[in-house]
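Everything on this sheet refers to the single structure shown next.
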Amino acid sequence: MEKQMEKYVIGLDYGTLSARAVLVGVHSGEVISESVYTYPHGILSTLPGTEEELPADYALQEIDDYVEAMYQTIREAVTQSGCNAENIIGVGIDATSSTFLPLADNGEPLCKTRQFRTNPHAHLKLWKHHGAQEEADRITELANKRKENFMMRCGGRVNAEWMLPKLMETAQKAPDLYEATDNFIEVSDYLVYLLTGETTRCMCHAGYKLLWNEEDGYPSEDFLWALHPPLVTLKEKLKGRQVQVGECVGGLTEEAASRLGLKAGTAVAASLIDAHVAVPSAGIDGPDKALMILGTSCCMLLCSQKLSYVQGISGCVKDAVLPGLYAYEAGQSAVGDLFDWFVRNCVPGSYEKEASELGISIHELLSGKASRLAPGESGLVALDWWNGNRSCLADSKLSGMILGLTLRTKPEEIYRALLEATAFGMRAIFEEFGKGGIEAKELYACGGIVHKNPFMMQLYADILGKTIFTSSTEQGSAFGASVYAAVAAGVEAGGYASINEAARAMGKTGEKKYEPVCANVEAYHRLYKEYKLLHDYFGTGGNEVMHRMKD
C-alpha cells in the first residue's frame with residue numbers, strides 16, 4: 001500500500017543509446033520503479049530516406065526516438081509504481097550534451113520538414129558527433145589570438161563536441177538550413193518544451209557548450225563576425241527564457257499529463273546535462289568533492305569555491321550544479337566504449353566459449369584473468385584515445401595506441417592495459433587540476449561500470465592513489481534528475497528548498513569503497529611515467545602522426 005505521506009518525483013535520463021526513467025520517493029530516496037527504452041534507430045549510419053552513408057565522424061539520431069522514449073518510460077514507471085498521480089510532484093530531465101537540433105519558427109524540428117529531411121545537419125547531432133573538429137580548432141585559434149575572456153573558463157581550448165563548433169559547421173556546410181532555423185535547442189530543453197509549452201534554455205548547457213558565463217554572457221557579435229560572418233545572428237537563433245538549475249520552468253500541460261498518466265500542472269524542472277545531475281545523487285553537497293561517472297565515456301565533475309584556469313577542461317560554470325560553487329567538468333570520450341570495442345573485435349572464439357561455459361560475460365572472464373596479473377607484468381602501455389581526447393588535450397583527431405605487443409601477448413593483457421589506460425587518462429586530468437590549485441579531497445564514482453567491474457574500480461584507486469567512494473544508486477543520472485525535480489516542486493508541494501538539502505536527504509553513498517594498495521600505487525607510479533611520455537609526445541606536438549593518419 002502506498003505510504004500516505006510520501007511524495008514522489010520522476011527523473012528521466014537520456015544516454016547515448018537508451019533512455020531511463022526512475023520514480024523515487026522524495027523523503028526515502030527509494031527507487032520505486034524504473035523503465036528503459038532503447039532507441040530503435042540508434043546512431044544513424046545513413047541519411048533517413050536515402051542510402052547515403054554518413055561520414056565516420058558523424059553521430060546523428062532520430063528525434064522521434066527521444067520523444068517516444070519520454071512518453072513511454074515515464075508512463076511505464078508511473079504504471080508499475082502503483083503511485084497515485086496526486087502524490088507525484090515533479091519531473092526532471094537530463095540528456096547528453098551538446099545534443100541539439102534546429103527548429104522552425106512553429107517549433108517543429110526541421111528534420112521533419114520535406115525541405116530538410118535529407119540534410120544531415122537538420123537532424124539531432126549527438127554529443128559524440130566529431131564532424132566539427134576543424135571549426136573547433138578555428139574557434140580556439142581566433143579566441144586565443146584575441147585573448148577572449150571565455151577561454152579561461154574552458155581551459156584554453158574548444159572541444160568539437162560542444163554546440164558552438166557544431167553550429168559553425170552547420171552555418172558553413174548548410175547555410176540555407178542555418179538561415180531557416182529559428183531556434184537551435186538542446187534536446188533536453190526541447191523535451192521540457194513538449195511537456196510544458198515553455199521554451200527555456202538552461203544556463204548549464206549554455207555555460208559548458210556555448211561559452212556563456214554569468215559575467216560576459218555569450219561570445220560577442222564582434223568575435224562571431226570575425227569567426228564566420230553569418231554567425232553574427234546566432235543569438236537571435238538561441239531563443240528561450242534562461243533558467244537556473246533546480247528551477248521550475250512550468251507545469252505539465254493537459255495533453256502531456258494525459259499521455260504520461262500524471263496530473264496537469266505537475267512541476268517540471270529546468271533540463272540538465274546528464275553527468276552534472278549525478279552529483280547530488282551521490283550525496284555530494286559541498287566543495288572539493290569529485291564525481292566520476294563511468295559509462296560509455298567518462299565525465300568528471302568537481303565543485304570548488306575557486307575560479308581557476310585548468311588546461312583543456314570542458315568548462316567551469318558557477319551555480320551549474322550546486323549553488324555558490326564553480327562546477328568544473330572534464331572527462332574522456334571513450335571508456336566503456338573502448339572495452340566494448342575490444343570485446344567485439346579482438347577476443348578469440350575460445351574465450352567466448354569459456355565464458356559461455358562458466359555462465360559469465362566476456363568482460364567478467366577477461367577481468368578475472370587480468371586480475372591475476374601484476375601491474376606492468378604484460379609489458380604493455382596504452383593511450384586511451386580510441387574516440388579522441390576530451391580532456392585535457394581536447395582533440396578528437398587523436399587516436400588510440402598500444403605499445404609493447406609481442407607474439408606472446410594474451411587478450412587479458414591487452415584488456416588490462418586498456419583498463420589501465422583509462423585510469424591513467426583520469427590521473428592526467430587530476431594533475432592538470434592540481435596545477436590550477438583545484439584539489440579533489442574526496443573522490444566518488446557512479447555509473448554502470450562501478451557496479452559491474454570491481455576489479456576496474458580497485459585498479460582506478462591504485463592508479464589515482466585515492467580512496468574511491470561509490471554511489472549505491474546504479475542509475476545516477478536518472479536519480480539525480482529526480483533530485484532536481486524535488487527542488488523544482490518546492491517545499492509546499494512536499495519537495496525541498498535547495499539542491500544541497502535534497503542531496504543530503506535523497507543522495508546515496510554506497511557501502512563499498514576502494515582503498516589504494518600501497519604496492520600497486522608505487523608500481524603504477526612508474527608505469528604512469530611511461531604513459532605520460534607517450535601522452536605528451538603524441539598529444540602535444542612531439543609527433544602529429546595520429547593527425548596525419550586520421551586524415
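Summary of values
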| quantity | calculated |
| --- | --- |
| Full-extension gain in nm, Gln305 to Ala85, via 0.36 nm per residue minus C-alpha separation | 75.2 nm |
| Kirkwood Rh in Å, taken over all unlike Cα pairs in region 435-518 | 14.4 Å |
| Sorted by Cβ density within 10 Å, fewest first, the residues Arg390, Arg138, Arg526 | Arg526, Arg138, Arg390 |
| Antiparallel DSSP beta bridges within the chain, percent to nearest 5 | 70 percent |
| Alpha carbon centroid spacing (whole Å) that separates region 387-438 from region 207-253 | 34 Å |
| Whole-Hz ³J(HN,Hα) from phi, Karplus 6.51 cos²θ - 1.76 cosθ + 1.60, for region 184-198, glycine and proline x | 8, 10, 4, 4, 5, 5, 5, 5, 4, 4, 5, 7, 10, x, 9 |
| Share of pairwise Cα separations in region 250-349, more than 22 Å, in percent | 50 percent |
| Value of D in µm² per second that Stokes-Einstein yields for region 130-272, Kirkwood Rh from Cα pairs, at 20 °C (1.002 mPa s) | 132 µm²/s |
| Shape metrics for region 397-551, restricted to C-alpha atoms - Rg then Dmax, Å | 19.8, 68 |
| 11 Å beta-carbon shell around Leu210, net charge (K/R +1, D/E -1) | +3 |
| Ranked His276, His363, criterion: other C-beta atoms within 10 Å, fewest first | His363, His276 |
| Length added when fully stretched, Leu405-Asp222, from 0.36 nm per residue minus Cα-Cα | 60.7 nm |
| Relative contact order (%) - region 344-445, alpha-carbon pairs under 8 angstrom, separation at least six | 25 percent |
| Normalised contact order of the chain, rounded percent, pairs of Cα under 8 Å and 6 or more residues apart | 17 percent |
| Rg/Rg_ref, region 198-243, where Rg_ref = 2.2 N^0.38 Å and atoms are Cα | 1.16 |
| Computed over region 229-271: relative contact order in percent, which uses C-alpha pairs under 8 Å that are six or more apart | 38 percent |
| For q = 0.18, 0.21 Å⁻¹, Debye-computed log10 I/I(0) when each Cα of region 1-103 counts as one equal scatterer | -0.84, -1.03 |
| Per-residue HN-Hα couplings for region 155-163 [Karplus 6.51, -1.76, 1.60; θ = phi - 60°; Hz; x = Gly/Pro] | x, x, 8, 9, 8, 5, 7, 7, 6 |
| At R0 = 25 Å, FRET efficiency that the Cβ-Cβ distance of Ser498 and Asn149 yields, to 0.05 | 0.25 |
| Label zone at Asp337, where the point sits 7 Å out along the Cα-to-Cβ direction: region 289-310 residues whose backbone N lies under 12 Å | 295-299 |
| Positive minus negative residues near Ala257 (Lys, Arg vs Asp, Glu; Cβ under 13 Å) | 0 |
| At R0 = 25 Å, FRET efficiency that the Cβ-Cβ distance of Glu53 and Glu179 yields, to 0.05 | 0.40 |
| Estimated FRET transfer efficiency when R0 is 30 angstrom, pair Ser361-Glu442 (beta carbons, to 0.05) | 0.45 |
| Cα pair distances of region 74-121 binned at 5 Å [whole percent] | 4, 14, 17, 12, 12, 12, 15, 10, 5 |
| Potential extension, Lys235-Arg526 segment - 0.36 nm per residue separation minus Cα distance | 99.8 nm |
| Subset of Lys239/Lys508; Lys397/Lys452; Lys173/Lys306; Lys125/Lys353; Lys112/Lys508; Lys353/Lys452 violating a 32 Å alpha-carbon distance limit | Lys239/Lys508; Lys173/Lys306; Lys125/Lys353; Lys112/Lys508 |
| Where only alpha carbons of the chain are counted, the Rg and the Dmax (Å) | 22.7, 68 |
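Values in this text are rule-based calculations from the coordinates and carry no lab data. It should be emphasised that the depicted structure is a prediction, and the values quoted were computed from it without experimental measurement. Cβ sites come from the backbone with ideal geometry, for glycine too, and all protein chains shown count toward neighbours.
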